[in-house]
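For reference, the structure is listed below as structure tokens.
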Amino acid sequence: MRVLVVEDEPTLAAQLAAALGDEGYAVDVARNGVHAHCLGDADPQPFDAVVLDLGLPQMDGLTVLKKWRASGRTVPVLILTARDNWHDKVAGIDAGADDYLTKPFHTEELLARLRALIRRAGGHASADLRCGPVVLDTRTSRVTVDGRALSLTSHEFRVLDYLMHHRGRIVSRSELIDHIYAQDFDRDSNTVEVFIARLRKKLPPGLIETERGLGYRLVDPQ
Ligand code: CA
């Protein structure tokens, strides 16, 4: 899962990027509204969620959000508002924000709200994602097969996490690359095949199908 953090305050931006990175997200940071709008306006949409501060240089967060929504961008957006500014919350939600947090906030709360936004965007109500014997607990980033814990590297986890959120649907290699790497990461499309091959060795046979020329699909082998 890939998250865009839009925050002009350098310390907070770095803290958020580090906390999200620790949770297994690929993270891009924008420090002004113009850059944020540009990153979030890409086709196809590479982000699974956006954390958007409203007070930003060059273009304010509310304008960024309105422009995204006007051009049909449905990415879940969590806005950060100043304390006691209820007008901002109302304006943000009316502009298409999916949730908000008031500064200062606890990182744990932000992480929980983001997980919920990403789950709901994929149509999942529960914090546990299931596919046959495989269960991914989005709260702890732990994966079990028939109740036994599975040991995964961070990139193996990112690939499986994305496929679990989109199970049953064909996910192309380029879509996987977009959602497991941040923009400045040195991407190599062959590495996705390596991650898939490693995951297949660790997971029940038949769980990850290859659709030739199209991509991969996670299915319940039973
Ligand atoms: Ca700000």
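The table below gives the values:
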item	result
Among residues of region 146-158, those that are surrounded by 15 or more Cβ atoms within 10 Å (Cβ to Cβ) and either touching a His at 6+ places or on another chain (Cβ under 9 Å) or in a strand (DSSP E or B) (or both), counted	2
The listed residue being part of a helix (DSSP H, G or I) and touching a Leu at 6+ places or on another chain (Cβ under 8 Å), out of L20, L4	L20
Checking V143 against (1) under 22 Å from the mean Cα position of the chain (by Cα); (2) in a loop (DSSP other than H, G, I, E, B), the condition it does not meet	(2)
Residues satisfying the stated conditions in region 185-222, i.e. part of a loop (DSSP other than H, G, I, E, B) and touching a residue at least 12 places away in the same chain (Cβ under 8 Å)	F185, L203, P204, P205, G206, L207, L214, V219, D220, P221, Q222
Per-region count, region 27-43, residues at pLDDT 95 or above and either of a type in the set (D, E, K, R) or closer than 24 Å to L136 by Cα (or both)	4
Complete set of residues in region 159-176 that are hydrophobic (A, V, I, L, M, F, W, C) and part of a helix (DSSP H, G or I)	V159, L160, L163, M164, L176
Residue within region 87-96 that is within 18 Å of V3 (Cα to Cα) and away from the ligand (no atom under 14 Å from the Cβ) present	yes
Pairs with Cβ under 7 Å, 6+ apart, first in region 9-25 and within 26 Å of S151 (Cβ to Cβ) and of a type in the set (D, E, K, R), second in a loop (DSSP other than H, G, I, E, B) and away from the ligand (no atom under 15 Å from the Cβ)	E23/S141
In region 5-18, residue nearest to the chain's Cα centre (by Cα) [restricted to those that are near the ligand (Cβ under 10 Å from one of its atoms) and under 19 Å from P46 (Cβ atoms)]	V6
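Quick grid of which residues meet (1) of a type in the set (D, E, K, R); (2) within 15 Å of the ligand (Cβ to nearest atom); (3) at pLDDT 95 or above; (4) touching an Asp or Glu at 6+ places or on another chain (Cβ under 7 Å):
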{"residue": "V3", "(1), (2), (3), (4)": "no, no, yes, yes"}
{"residue": "Q45", "(1), (2), (3), (4)": "no, no, no, no"}
{"residue": "P57", "(1), (2), (3), (4)": "no, yes, yes, yes"}
{"residue": "V64", "(1), (2), (3), (4)": "no, yes, yes, no"}
{"residue": "K67", "(1), (2), (3), (4)": "yes, no, yes, no"}
{"residue": "D99", "(1), (2), (3), (4)": "yes, no, yes, no"}
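Conditions tested, residue by residue: (1) touching a residue at least 24 places away in the same chain (Cβ under 8 Å); (2) on the phi > 0 side of the Ramachandran plot; (3) of a type in the set (D, E); (4) assigned by TED's automatic domain parsing to the domain that holds Q183.
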{"position": "D41", "(1), (2), (3), (4)": "yes, no, yes, no"}
{"position": "F47", "(1), (2), (3), (4)": "yes, no, no, no"}
{"position": "L52", "(1), (2), (3), (4)": "yes, no, no, no"}
{"position": "G55", "(1), (2), (3), (4)": "yes, no, no, no"}
{"position": "M59", "(1), (2), (3), (4)": "yes, no, no, no"}
{"position": "K67", "(1), (2), (3), (4)": "yes, no, no, no"}
{"position": "A70", "(1), (2), (3), (4)": "no, no, no, no"}
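The values are calculated or read from the model by the stated rules, or taken from the named source; none is laboratory data. Everything quoted here is computed from the prediction, not taken from an experiment. Cβ sites come from the backbone with ideal geometry, for glycine too, and all protein chains shown count toward neighbours.
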